[in-house]
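Asks: Please see the structure below; I have some questions.
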Amino acid sequence: MKHLAIYPGTFDPFTNGHLDVLERALTIFDQVIVVIAENSKKKTLFSIEERCEMIETVTKSFKGIRVEVLHGGLLAEYAHAAGAAAIIRGVRQVKDFEYEFQMSLLNRHLNPDVTTVFLMPNVKYTYVASSIIREVALLGGDVSKFVHPCVLKMLRKKYEEQNV
Ligand code: PNS
């Protein structure tokens with residue numbers, strides 16, 4: 001049994017669905033590195049520093065978690081360098097699967113020592129995605145059930161800044 005997993009994503013922002021997946025991963029692995037992937041092609045609402053700050057705040061009472069950034073480069077290579085046995089991905093719906101299947105097989109091709117582990121969040125988060133949270137928050141909707149209070153605060157601040 002190997003004990004380290006990585007949990008990669010964009011996390012723009014980190015939702016309670018992400019947190020649920022992370023907590024499930026911690027029941028299987030001793031240590032999980034949350035890896036925020038920088039993607040120059042994807043315009044994000046929150047900067048890398050802000051996303052690091054939010055995930056560190058949300059997970060500060062957890063043991064066995066650390067947050068790191070993948071500044072470009074391949075996740076499979078990052079996993080190899082970190083000595084990770086697994087890549088954790090959350091799947092909510094069948095439509096997630098095609099993309100996840102493709103990524104997991106490519107990652108296995110690039111690094112045969114790493115296995116992708118798919119975890120399903122609690123059913124109450126099946127329709128929660130960062131993109132929809134951003135949209136609802138932008139339009140003034142209540143997303144407090146779906147994000148940690150610190151993320152809610154950061155969302156409000158961000159949109160206040162943008163609406164000036
Ligand atoms: O939260 P997301 O946006 O669905 O996460 C996608 C992510 C970050 C896991 C994926 O884009 C990724 O692994 N990026 C790192 C670059 C890489 O290795 N790409 C090839 C994946 S097969």
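Asks: Contact order normalised by length for the chain, with contacts defined as Cα pairs under 8 Å and 6 or more residues apart; what percent is it?
Replies: 29 percent
Asks: A further question on this structure: Compute the signed sum of charges (Lys and Arg +1, Asp and Glu -1) over the other residues within less than 13 Å, Cβ to Cβ, of T116.
Replies: Within the 13 Å Cβ shell, the charges total -1.
Asks: Quick one: which residues, 5 or more positions from G90 or on another chain, have an amide H under 5 Å from its amide H? H modelled 1.01 Å from N in the peptide plane, none for Pro or chain starts.
Replies: L119
Asks: Say a paramagnetic label sat at a point 7 Å from the Cα of R108, along Cα to Cβ; which residues of segment 76-92 have their backbone N under 16 Å from it?
Replies: Once the point is set 7 Å along Cα→Cβ of R108, 76, 85-89 turn out to lie under 16 Å by backbone N, inside segment 76-92.
Asks: Given Cβ point charges of +1 (Lys, Arg) and -1 (Asp, Glu) and nothing else, what value in debye, to the nearest 20, does the dipole of the chain about its Cα centre take?
Replies: 260 debye
Asks: With a 10 Å radius around each residue's Cβ, average the other Cβ atoms per peptide and rank 126-132, 144-150, 8-14, highest first.
Replies: 8-14, 144-150, 126-132
Asks: Further question on the same structure: Among the listed pairs K43/K157; K63/K157; K63/K95; K42/K124; K95/K153; K41/K145, which are separated by more than 24 Å between their Cα atoms?
Replies: K63/K157; K63/K95; K42/K124; K95/K153; K41/K145
Asks: I'd like the Karplus ³J(HN,Hα) series for segment 149-162: coefficients 6.51, -1.76, 1.60, θ = phi - 60°, whole numbers in Hz, and an x wherever there's a Gly or Pro.
Replies: x, 5, 6, 4, 4, 5, 5, 4, 4, 4, 6, 5, 4, 6
Asks: With n ≥ 4 as the cut-off for DSSP H runs, can you work out [θ] at 222 nm for the chain, using -39500 (n - 2.57) per run divided by the number of residues, rounded to the nearest 500?
Replies: Taking each H run of at least 4 residues, the total per residue is -13000 deg cm²/dmol.
Asks: How many angstrom lie between the Cα centre of segment 1-58 and the Cα centre of segment 139-159?
Replies: 18 Å
Asks: So, one more: Can you give me the pair-distance distribution of the chain, C-alpha pairs, 10 Å bins, whole percents?
Replies: 10, 39, 38, 12, 2, 0
Read-outs: derived from the displayed coordinates by stated rules, not from any lab. Note that this is a predicted model, so its numbers are computed, not measured. When we count neighbours, we look across all protein chains shown, and the Cβ atoms used for this are built from the backbone with ideal geometry, even at glycine.
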